[in-house]
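A short reminder: the numbers here are calculations on the coordinates, not readings from a lab. What you are looking at is a predicted structure, and each value in this text was computed from that prediction instead of being measured. Reconstructed Cβ throughout: ideal geometry from the backbone, glycine too, with neighbour counts over all protein chains shown.
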Amino acid sequence: MTDTPRLRLGTRQSPLAMAQAHEARDRLCRAHGWDVHAVELVPVIASGDRIQERPLAEIGGKALWTKELDAWLVEGRIDAAVHSMKDVETLRPAEIAIGAILPRADVADVLVGAASIRGIPQGARVGTSAPRRAAQMLHHRPDCTIVGIRGNVATRLAKLQAGEADVTLLAAAGLDRLGEHGVGTRLDPEEWLPAPSQGAIGLECRSGDARTRELLAAIDHAESRWRVEAERGLLASLEGTCHSPVAALSWIEGETIGLRAAIFAEDGSERFEGTITLRAGDTDGAERLAEDLLARASTNVTRLFGG
């Protein structure tokens with residue numbers, strides 16, 4: 001047994017966040033031949049977990065998932081932090097770097113409460129606080145009503161069971177990591193585009209911490225990183241916020257990355273889509289796609305972007 005941990009890994013305290021932290025720890029220990037005690041998990045309560053009665057966009061956006069872990073990281077109280085990459089802001093502090101992206105899980109959404117989008121009852125209440133899910137649902141099913149619900153997976157499923165909504169949408173990766181198999185219907189991501197970086201776990205560390213960066217590099221999955229960087233590059237170029245309904249899907253084609261994205265009007269009435277092929281690390285490619293989407297979009301859509 002290791003007396004002093006070789007790495008202190010910060011994580012949010014939700015069940016899903018803890019499951020992701022355990023996966024990160026297991027991968028680190030296997031990569032370096034460490035005993036499990038070599039990596040200490042340090043739970044931190046995030047503001048986003050404390051405040052669940054209001055939409056995220058109203059109370060500070062994605063920073064509510066990261067600011068406490070950022071502070072602990074910069075202060076040296078932890079060596080690295082584990083995040084769901086879809087919850088991490090595209091503009092990060094200069095003193096923080098993405099040290100590793102783990103092999104990406106399923107990017108799809110799961111529909112709970114109906115067998116398909118078409119099979120949702122007429123006029124149903126769809127429980128979601130995600131602008132992308134809300135706009136995409138209203139685009140396909142304008143007869144539905146969006147009901148804002150937040151919380152972890154168990155909380156949202158409980159709210160559905162309690163009748164606060166008729167159907168809801170969850171990430172397939174999160175359900176799988178919690179062992180919640182067979183819940184709902186997986187939606188084909190080519191037909192129902194996912195959120196940028198959905199299904200990806202990232203580990204951040206201090207930019208100047210060469211030792212930790214080297215340790216994390218051992219579990220960095222190159223193809224997952226390329227895809228996540230492309231999707232985050234798109235989001236950054238769109239200047240998307242928590243209010244911005246944007247969806248993205250990427251894939252590897254030999255030595256290139258395919259990137260498809262769509263932006264929506266808030267009420268789903270308008271949708272603008274584009275696709276581009278780029279090489280790994282080509283941030284200009286994602287920027288070109290963003291510019292194309294915004295150039296074709298109406299002011300009803302572009303007003304939701306631009307910071």
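Across the range 5-22, rounded Karplus estimates of 3J(HN,Hα) from the backbone phi angles (6.51 cos²θ - 1.76 cosθ + 1.60, θ = phi - 60°) give x, 7, 8, 9, 10, x, 8, 5, 9, 5, x, 5, 4, 5, 4, 5, 5, 5 Hz, Gly and Pro being marked x.
What the phi angles of the range 152-166 give under the Karplus curve with 6.51, -1.76 and 1.60, with θ = phi - 60°, is a coupling list of 6, 4, 4, 5, 5, 5, 5, 5, 5, 5, 7, x, 6, 8, 8 Hz, glycine and proline written as x. Between the amide H of Ser207 and those of Ile96, Ala97, distances stay under 5 Å, these residues lying 5 or more places away or on another chain, with hydrogens modeled in the peptide plane. P(r) tail for the range 109-186: Cα pairs beyond 22 Å make up 14% of the total.
About the centre of its Cα atoms, the chain shows a dipole size close to 480 debye [charges on the beta carbon of Lys, Arg (+1) and Asp, Glu (-1) only; nearest 20 debye].
Proximity of backbone amide H atoms, modeled 1.01 Å from N, is registered between Ser129 and Ile149 at under 5 Å, excluding neighbours fewer than 5 places apart on the same chain. Scalar couplings 3J(HN,Hα) for the range 232-238, obtained by applying the Karplus form with A = 6.51, B = -1.76, C = 1.60 to θ = phi - 60°, are 5, x, 4, 4, 5, 5, 6 Hz; x denotes Gly and Pro. The range 142-187 and the range 254-307 have Cα centres lying 27 Å from one another. Close amide H contacts of Gly10 (hydrogens built in the peptide plane, cut-off under 5 Å, sequence separation of 5 or more or a different chain): Val42, Asp79, Ala80, Ala81, Val82. Bridges between two residues of the chain, per DSSP, are antiparallel at a rate of about 70%. Can you match log10 I(q)/I(0) by the Debye sum over Cα atoms at q = 0.07, 0.09, 0.12, 0.14 Å⁻¹ to one of these, [x] -0.26, -0.44, -0.80, -1.09; [y] -0.29, -0.49, -0.88, -1.19; [z] -0.38, -0.59, -0.88, -1.06, based on a calculation from the structure here? Entry [x].
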